[in-house]
Amino acid sequence: MTGSLRVVAVTYSPGDSLDAFLDSLGAATASPVDVVLADNGSHDGAPEAAAASRRDVRLLQVGGNVGYGAAANAGLADVRRGWALVANPDIVFEPGAVDELLAVAARWPRAATVGPAIRTPDGALYPSARDLPALGTGIGHAVFGWVWPANPWTARYRREREAPRERQAGWLSGSCFLVDLEAFHAVGGFDPGYFMYFEDVDLAERLGRAGGLHVYAPSAVVVHEGGHATRREPHRMQRVHHTSALRYLSGQYPRRRHAPLRWLLRGGLGARMLVSYVSSRVGAGAQPQQHLDPPPPTP
């Protein structure tokens, strides 16, 4: 659809949340949208039903459960310019949220991604605009986040002691963001080697190295239910999460002299993964702390 905003939602048996996502999208932007449901092998019929009943929604079967990043790449493969919106299908947009993201993008000429304030269903402000992981803050966050959410390493990494404001971030949650398509394709899109988790961190790092900025726009608000995959397959998702963390962190230390550090990372993350199997608190990690209201949209 020429002139439409491409919206890609990666689906995997999304259930009733998909209708809520699509219904809220209509009030989130005055622009025409071209919604692609990049489906990872749903078996609940929800993506098929949405595509059959909604004019601006189409289904793209990606050939099985290929993972979040690979499916999103497929949904963006045929558009090369302008902005696109990538979002989980369990997002609900506040009215005007997408138009506000586009307005913020226009104010930041070097923006590669623009992300909204993400609230949980109980009203907590999820820390979706974080610094890129560093070894020190990453270890502190992983070790202490689940038992001491206010620890200084988690707070520094997630920048959650700051009042919400429009600013640059190291990376934005891939659960919902605008992405500049030229920048996205120039760096090769999402790395399909990440099945889930950390594909947004990896993309942000590569976009940043290419000169792009990641802009947090709390004047746009969405609500994210989250946790669908984790609830369905908790042990598998914990394994995927820790494997993705290891892939990303190891990639930051690729040289031969870093081999001992990579083995330490492997051992530490492996131990944490095993503990997460028996402790839901460890598996859940640090929970959102903020219940602050985001600023009003900029006129």
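The values are calculated or read from the model by the stated rules, or taken from the named source; none is laboratory data. This structure is a prediction, so every number in the text was calculated from the model and none was measured. Cβ: placed from backbone, ideal geometry, glycine included. Neighbour counts: every protein chain shown.
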Task: All positions within segment 41-87 that are surrounded by fewer than 22 Cβ atoms within 10 Å (Cβ to Cβ) and among the polar types (S, T, N, Q) - done: 42, 53, 61, 65
TODO: Would you check which residues across segment 27-56 are over 16 Å from residue 12 (Cα atoms) and not acidic (Asp, Glu) and list them?
DONE: 27, 28, 29, 30, 31, 32, 33, 52, 53, 54, 55
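Given the criterion in contact with a His (Cβ under 9 Å, 6 or more places away or on another chain) and either not assigned by TED's automatic domain parsing to the domain that holds residue 181 or not β-branched (Val, Ile, Thr) (or both), identify the matching residue among 76, 25, 18, 37. Outline the logic, then answer.
Values: 25 fails: in contact with a His (Cβ under 9 Å, 6 or more places away or on another chain); 18 fails: in contact with a His (Cβ under 9 Å, 6 or more places away or on another chain); 37 fails: in contact with a His (Cβ under 9 Å, 6 or more places away or on another chain).
Only one candidate qualifies: 76.
Tell me the helices (runs of 4 or more DSSP H) entirely within segment 188-283 that contain at least 2 residues that are modelled with pLDDT of 80 or more, within 16 Å of residue 86 (Cβ to Cβ) and out of contact with any Asp or Glu (no Cβ under 9 Å at 6 or more places or on another chain). Before you say what the answer is, go through the steps one by one.
On the way: elements: 199-209, 228-232, 234-251, 259-278.
Correct list: 199-209.
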Task: Answer residue from segment 163-197, given it is of a type in the set (Asp, Glu) and touching a Gly at 6+ places or on another chain (Cβ under 9 Å) and is nearest to residue 237 (Cα to Cα) among those - done: 191
Task: Test set (1) free of Cβ contacts under 8 Å to residues at least 24 places away in the same chain; (2) of a type in the set (A, V, I, L, M, F, W, C); (3) closer than 30 Å to residue 167 by Cα; (4) not in a helix (DSSP H, G or I) - residue 106 fails condition number - done: (4)
TODO: Report whether or not residue 44 is within 28 Å of residue 212 (Cβ to Cβ), assigned by TED's automatic domain parsing to the domain that holds residue 218, part of a loop (DSSP other than H, G, I, E, B) and free of Cβ contacts under 8 Å to residues at least 40 places away in the same chain.
DONE: no
Open item on the list: Looking at residue 193 and the list (1) farther than 18 Å from residue 40 by Cβ; (2) surrounded by fewer than 22 Cβ atoms within 10 Å (Cβ to Cβ), which single condition is not satisfied?
Closed with: (1)
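Okay, residues lined up against (1) in contact with a helix residue (DSSP H, G or I) (Cβ under 9 Å, 6 or more places away or on another chain); (2) among the aromatic types (Phe, Trp, Tyr); (3) over 20 Å from residue 224 (Cβ atoms):
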{"residue": "19", "(1), (2), (3)": "yes, no, no"}
{"residue": "25", "(1), (2), (3)": "yes, no, no"}
{"residue": "33", "(1), (2), (3)": "yes, no, no"}
{"residue": "52", "(1), (2), (3)": "no, no, yes"}
{"residue": "60", "(1), (2), (3)": "yes, no, yes"}
{"residue": "71", "(1), (2), (3)": "no, no, no"}
{"residue": "84", "(1), (2), (3)": "yes, no, no"}
{"residue": "87", "(1), (2), (3)": "yes, no, no"}
Open item on the list: Within segment 23-32, does at least one residue satisfy the condition of being surrounded by 22 or more Cβ atoms within 10 Å (Cβ to Cβ) and assigned to a loop (DSSP other than H, G, I, E, B)?
Closed with: no
